[in-house]
Amino acid sequence: MIRLTHIDKRFGRSEVLRRVSVSAREGSVTALIGPSGAGKSTLLRCVNLLEIPDAGELVLGEEVVHFGSHPPGREAIRRVRRQTGMVFQNFQLFPHRTALGNVMEGLLVVQRWPQEKARAHAFELLDKVGLADKARSWPAQLSGGQQQRVAIARALASAPRVLLCDEPTSALDPELALEVVEVLTDLARDGTTMIIATHDLRLAAQVAGEVVVLEAGEVIESGPATALFNNPRHERTQRFIATLGHAHPSAGIGTISQRAS
Amino acid sequence: MPHWLDLMLQSLGPLLWAGLVFTVPLTLLAFALGLGLGFLTALARLYGPRPLAALARFYVWIIRGTPLLVQLFVIFYGLPSLGILLDAFPAALIGFTINVGAYTSEIVRAVIAAIPKGQWEASFSIGMSWSQAMRRTVLPQASRIAVPPLSNSFISLVKDTSLAAAITVPELFQAAQRVVATTYEPLIIYVEAALIYLALSSVLSALQNRLEAALARSAGALEPAA
């Protein structure tokens, strides 16, 4: 179980998150959607403590972290980060390491695995995202979609309890976004727990089982993806979906599965 | 054999010897120690608690704002008034180290700051500590961008060591002065000294080029992955 309860987060004077509560079951995929500046990314970054909330509580498996009077200790932060993996909008691969080196890095440095074991496991993960043949390539030699798939493999290396994806397709051309969506779809099918911040409704509709709609730092609606997309209760959700909706989500799914097959 | 060539060949031995025994070790030691000092100073300015950061800023301000020759004189001729007596070579080494430290701290600070925040976050997200992220992710990338400006400092230092002659270090330039004192041929001897400095700098430039090429090869076409 991953649970954020009553999360507050301010940057200076602006309140980015206000008493936000979100939870995700193991094996589920949750999409955080909402307009730019709604707080999606910040909320996601509160799960692996790249942002430390001002108030609230994070539960990640056995780990319980309270926020408030004093910030969580270094050890608690590291324990949380070891149980989470993150995929960034701009990939953020390590440019001075090969694709394989990127995936091995956490295994070698954090988990302190021996070289050979780390290499074998990293290779399996690259194979899983369809890039076994690119293991020796440098990030600068890969397309955006390939870089993001390597980044996914890197995030999965330590077998995290949850994979956090921050706008994983937003920096990519539609063609390249597609290959990333496919990889995430496969992971979802295999039961990888994921939380995805996105304004790509096609991605949300295809991959997510649960959807949380954020606006101006508050949750305005949440529920199962099919119900929420086909029958949004909240008027602001309807409007938000409509603004993105030249491609209706269900139409999007059809397109994707045709192209994938 | 023309007179000038004869003179140059005769004095080549003492000049090269002085270069080998004083100029080169002084340069290498001062640069290595100065780079270490510069690194610590940069860390203090970037991440240190406020008083330490202020101290680092003060140090850089003083050293960059005063002439190196004056700094050397303060250390060698001035400090004895406070009871601190140093031999010429250690005094020069301390002076150059402090000077190199101030200049390279600015380079180190700039190249560390040039690494995108996302690289730190990517490192943290896979569970690295701050020092692991610094060592494994930031410094390898920062050191690549640092090679050209640091090479600049290094080559300047080779030539600046001639100032040590003024505080009685018997290095290359002082050896040249001594030869001039007995031969009365300043033009020929000083040109010879200049040529030796030129040769040393050229070797360093060539090494810089090879280092840059090797670094470029070792990371494909290195552009930030964004």
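Observations on the structure shown:
- Pairwise alpha-carbon distances in the protein assembly as shown exceed 32 Å for 55% of all pairs.
- Shielding by partners - mean other protein chain Cβ count within 10 Å, residues of A:101-111: 4
- Kirkwood Rh and Cα Rg combined as Rg/Rh, region B:106-200: 1.33
- Separation in nanometres of the label points that stand 7 Å from Cα toward Cβ, at residue A:23 and residue B:181: 8.8
- Shielding by other protein chains, A:86-92, mean Cβ within 10 Å: 5
- Taking every alpha-carbon pair under 8 Å whose residues sit at least 6 apart, chain A reaches a relative contact order of 25 percent.
- Least to most buried among A:81, A:18, A:149 (fewest other Cβ within 10 Å first): A:18, A:81, A:149
- Quarter of the Cα convex hull surface for region B:3-217, i.e. its orientation-mean projected area (nm²): 14.8
- Using alpha-carbon coordinates, inclination of helix B:172-183 to the longest axis of chain B, degrees: 10
- A Förster distance of 56 Å, applied to the separation of the beta-carbon atoms of residue B:135 and residue A:235, puts the FRET efficiency at 0.60.
- Per-selection metrics, region B:1-126 (Cα): Rg and Dmax in Å: 20.4, 72
- Counting Cβ atoms of other protein chains within 10 Å of each residue's Cβ and taking the mean over peptide A:159-166 gives 1.
- For region B:76-81, the Karplus equation 6.51 cos²θ - 1.76 cosθ + 1.60, evaluated at θ = phi - 60°, returns couplings of 7, 9, x, 4, x, 4 Hz by residue, with Gly and Pro reported as x.
- Whole-Hz couplings from phi, Karplus 6.51/-1.76/1.60, listed for region B:37-48; x for Gly and Pro: 4, x, 5, 4, 5, 5, 4, 4, 6, 7, 10, x
- By the helix-only formula, in which each DSSP H run with n ≥ 4 contributes -39500 (n - 2.57) and the sum is divided by residues, chain B has a 222 nm mean residue ellipticity of -25000 deg cm²/dmol.
- For region A:93-159, the mean projected area of the C-alpha convex hull, equal to one quarter of the hull surface, is 3.8 nm².
- Residues A:96, A:6 arranged by fewest to most Cβ contacts within 10 Å: A:6, A:96
- DSSP-defined antiparallel bridges as percent of all bridges, region A:62-219, nearest 5: 20
- Around the Cα centre of region B:3-217, unit charges on the Cβ atoms of Lys, Arg, Asp and Glu (plus for the first two, minus for the last two) sum to a dipole of about 1020 debye.
- Annotation: extensible slack from residue B:213 through residue B:77 equals 44.6 nm (criterion: 0.36 nm per residue apart, minus Cα-Cα distance).
- Contour excess over end-to-end distance, with Cα ends at residue B:87 and residue B:203 and 0.36 nm allotted per residue: 38.8 nm
- Kirkwood Rh in Å, taken over all unlike Cα pairs in chain A: 18.8
- The phi-based Karplus calculation (6.51 cos²θ - 1.76 cosθ + 1.60; θ = phi - 60°) puts the 3J(HN,Hα) values of region A:236-242 at 5, 5, 4, 5, 4, 5, 5 Hz, whole numbers, x for Gly and Pro.
The numbers here are math on the coordinates, done by the rules we state, and not lab data. Computed from a predicted model, the values in this text were never measured in an experiment. In this analysis, Cβ positions are derived from the backbone assuming ideal geometry, glycine residues included, and neighbour counts consider all displayed protein chains.
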